[in-house]
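K.L.:
There's a structure below that I have some questions on.
The values are calculated or read from the model by the stated rules, or taken from the named source; none is laboratory data. The structure presented is a predicted model; accordingly, all values stated were derived computationally and were not measured. Please note that ligands, DNA and RNA were not included when accessible areas were found on the heavy atoms of the full protein model with its side chains. Shrake-Rupley method; radii C 1.70, N 1.55, O 1.52, S 1.80 Å.
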Amino acid sequence: MLQITENKDLSGLSTFRMHAEARYFAQITDTADITDAYLFAESHAVPVVVLGGGSNTIFAEPNLEALVLQIAIPGFEKTHE
């Protein structure tokens, strides 16, 4: 089940550790969460921002008025470059 966090500090999710705060935040752990997340964003009239691993991510604004999704679906792994 999708859990939404309000006013989430994103600095720990970026390798640059720059301060930014998301109005709404959710970890996507199942493909069904994606639909729920987009329905939530639509009902709250906010855009969706997808965050992968956070490597080389710089947030241009300190306050993101958006639903930030961190993809955390288990079962995928890197096997080689």
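K.L.:
Restricting to DSSP H runs of at least four residues, report the calculated mean residue ellipticity at 222 nm for the chain, -39500 (n - 2.57) per run over all residues, nearest 500 deg cm²/dmol.
P.N.:
That comes out to -5000 deg cm²/dmol.
K.L.:
With a probe of 1.4 Å, find how much accessible area the chain has per residue, and write the answer as a whole number in Å².
P.N.:
Result: 68 Å² of accessible area for each residue.
K.L.:
With all protein chains present, how much of the accessible area of the chain (probe radius 1.4 Å) comes from carbon and sulfur, to the nearest whole percent?
P.N.:
52
K.L.:
Right, next: Under the Karplus relation 6.51 cos²θ - 1.76 cosθ + 1.60, θ = phi - 60°, what is the ordered set of whole-Hz ³J(HN,Hα) values for the range 66-71, x standing for Gly and Pro?
P.N.:
7, 9, 8, 10, 9, 6
K.L.:
Scan around residue 28 for amide H atoms under 5 Å from its own, H built in the peptide plane at 1.01 Å from N, and keep only partners 5 or more places away or cross-chain.
P.N.:
70, 71, 72
K.L.:
Using 0.36 nm per residue of separation minus the Cα-Cα distance, give me the extension gain between residue 9 and residue 40 in nm, one decimal.
P.N.:
This chain segment gains 9.2 nm when fully extended.
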